[in-house]
Amino acid sequence: MKNAAAAPGDERVIATWRIVIVCILITLVGFNLRSVILAVPPVLPLIKRDLALSYSETGLLTALPVLVLAVGALPAGFLIERIGGRLCITIGLVLLSAGALLRAFWLSSLMLFLFTLLLSLGMTLAQTSIPVLARRWFPARIGLVAALFSDGLIIGEAAGAGLTIPIMVQFLGKNAWATTFVLWGIPVIVLLLLWLWLAPPAPVLSPAHSSRAEATTKGTSPQSPARHVQRSQVNSLHLGIMLGAGSLIYFGMNGWIAIYNSAMHYAYLTPLTLTILNTAQLPSSLGVTFFAQSLAGRRSPFIVAGVISGAAIIGWVLTPATLEPFWAVLLGASSALVFTLGIALPPLMAGPERVARLTGVTLSLNYCVAFVGPFLGGELWDLFHLPFLAFLPVAIAGLLLIILGALLPPRTAFGLLSRVSDTSERDPAIPITPSL
């Protein structure tokens, strides 16, 4: 068997370890993209007090990273097309670490916002790059790699939100909020060094080589004409709104549970319900990881997530309040299912030259929808004075998941899934052994 990485007898063992190392790197990238961001809300009361921030400024500080994702993902996609995903992740980690650490040394509201903007740009650039590299480095295992990246993001959220205060109080001081920026910034520096050392270099492909690679991903190899697969044209609006519906469920519930429960005199349920909503994401994401490659690109997970979330939000409104934690489990798990499998869709559904652009458009629409939804819920509450209407956008999101999930192209249209062994032989960046 001849291929670009044809090797002596021990090449397969070396390639297998390389795959493991790069998968760990991608998971760590996800972890650090979220730990830096989600470590801020726990210490936000201290920041507000010490820097004399208004409530509006405090809200902007927490919203800024996601707003930058919404606005910056599309330009990031264009930049990735020009300079490549590996270099963009390197730049993203530099910006992320610089912004995270510099916040600790210039303690003013202006500098805090500027450095938060800086790290948010780095986060956006790195997050948009991962699907592109998954497509290039792991064309036969995009679902698995996307799930590992999602696991890293969710674990990073949990670590930043859950460990910051205990570590600060126990080791740094009760008011040492600035030092927590250093605490979560140092791992980004370590990851940057590991990335520069261990991440495979992105080869510069000639036009002829690129054409051959695209033919391979479409299954047009002359050796197997029977396996020809025509890649479906992808509507980025379709993907962006569908994945945005999953994010809307998560952000909408997080944004309105406390206020709704307070208005309905169920405030005593809020801490438990919010904790369950967020922690339910992790087992869902980890569980999907084991089946990610077989689930990636299928319509049914998105339809099921829509049915579950729609039923859960109806149950939330119509059943006794004591069942809120149960419904929160279903809502958190379904939103994580959409997010984990949704990351894989742009690299699965687009050719190599379109992955970066499609990822950028999809992420921009995703986070725009996620923020418009909660705002619309508040407008409905104000207009009709009915608290349950704050969750109407969440119900609509469930319906959108069912409809848009059913309208996805069939899995057989994803050329990357039909030729595992042939694709892995021709992959120029990482030799992927079919036996792994």
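Computed over the Cα atoms of segment 232-413, what is the convex hull's projected area averaged over all directions, in nm²? Before the final figure, lay out the partial values.
Values: hull surface 39.2 nm².
With the hull built on Cα positions only, its mean projection is 9.8 nm².
Look at K174, K48 and count the other Cβ atoms within 10 Å of each Cβ; fewest to most, that gives K174, K48.
Phi angles across segment 270-281 convert, under the Karplus curve 6.51 cos²θ - 1.76 cosθ + 1.60 with θ = phi - 60°, into 3J(HN,Hα) values of 4, x, 5, 5, 5, 4, 5, 4, 7, 6, 5, 5 Hz, Gly and Pro given as x. The ranking of V329, V288 from fewest to most other beta carbons within 10 Å of each one's beta carbon is V329, V288. Listed values for segment 310-320 are Karplus-derived 3J(HN,Hα) couplings in whole Hz (6.51 cos²θ - 1.76 cosθ + 1.60, θ = phi - 60°), namely x, 5, 5, 6, 5, x, 4, 7, 9, 9, x, and x replaces Gly and Pro. Across segment 133-148, coupling constants 3J(HN,Hα) worked out from phi with the 6.51/-1.76/1.60 Karplus curve, θ = phi - 60°, read 6, 4, 5, 7, 7, 10, x, 9, 9, 4, x, 5, 5, 4, 5, 5 Hz, and Gly and Pro carry x.
Just so you know, all these numbers are worked out from the coordinates, no wet-lab data involved. Note that the structure is predicted; figures quoted are calculated from it, not measured. Cβ: placed from backbone, ideal geometry, glycine included. Neighbour counts: every protein chain shown.
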